[in-house]
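Report on the following structure.
The values are calculated or read from the model by the stated rules, or taken from the named source; none is laboratory data. Predicted model only: the values in this text are computed from it and were never measured. Cβ atoms come from the backbone with ideal geometry, glycine included; neighbour counts cover every protein chain shown.
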Amino acid sequence: MKKLEELFDLPERDLAQDGIVDSDADESGNDIANNLPVLPETLAALDKIEQALPAVRGLEASDNEMDALASKAEESFEDLMNLGMQVDSRYASEIFSVASTLLGHAITAKTAKMNKKLKMIQLQLQKAKLDQTADESPMTPGTGMVLDRNELLSRLVQRETTKKPDSAK
């Protein structure tokens, strides 16, 4: 890597006198990692994901609890249906009503579990879509030239002189 003094034909400066330390001596192959551009949007998205992660833990426990509630409700439904068939008809209607309520609770538990799984799938698809669009973000390629100081200054002066007639229009 050329020093700026060599690149622009400037006189050498003593960096130790100015209190500036040579950063090349401190870095050991980290030039590439340090020079990669980091988009603020990417950092913001990562922060949002990290903040959301603690709230997502324990999903398996919830699934197990929903399964246990549904199985208890189904067992109670079966027991009440058997009881309703064995009692007098005037009492059976109330027992069947409670049994149907228990079956409704079992269905609600299973539905809540499926809705949670569908929501997680939807979130994963949205994340995959965002990852894909982030990978396809348009990057404008840059071009570079090696110029000496005098040529650079002449190009800047030439650019300024060509802009002045355009601004008069």
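Checked against the criterion of being over 25 Å from the mean Cα position of the chain (by Cα), in a helix (DSSP H, G or I), modelled with pLDDT of 65 or more and closer than 30 Å to residue 151 by Cβ, the candidates 65, 5 yield just one match: 5. Pairs linking a residue in segment 69-80 that is free of Cβ contacts under 8 Å to residues at least 60 places away in the same chain and surrounded by 17 or more Cβ atoms within 10 Å (Cβ to Cβ) to a residue that is in a helix (DSSP H, G or I) and charged (D, E, K, R), with Cβ atoms under 9 Å and 6 or more positions apart or on different chains, are 70/110; 70/113.
Residue by residue, here is whether (1) on the phi > 0 side of the Ramachandran plot; (2) loosely packed, with under 12 Cβ neighbours inside 10 Å; (3) at pLDDT below 85; (4) not in a helix (DSSP H, G or I) holds:
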| position | (1), (2), (3), (4) |
| --- | --- |
| 84 | no, no, no, no |
| 90 | no, yes, no, no |
| 101 | no, no, no, no |
| 104 | no, no, no, no |
| 107 | no, no, no, no |
| 115 | no, yes, no, no |
| 134 | no, no, yes, no |
| 147 | no, no, no, yes |
| 164 | no, yes, yes, no |
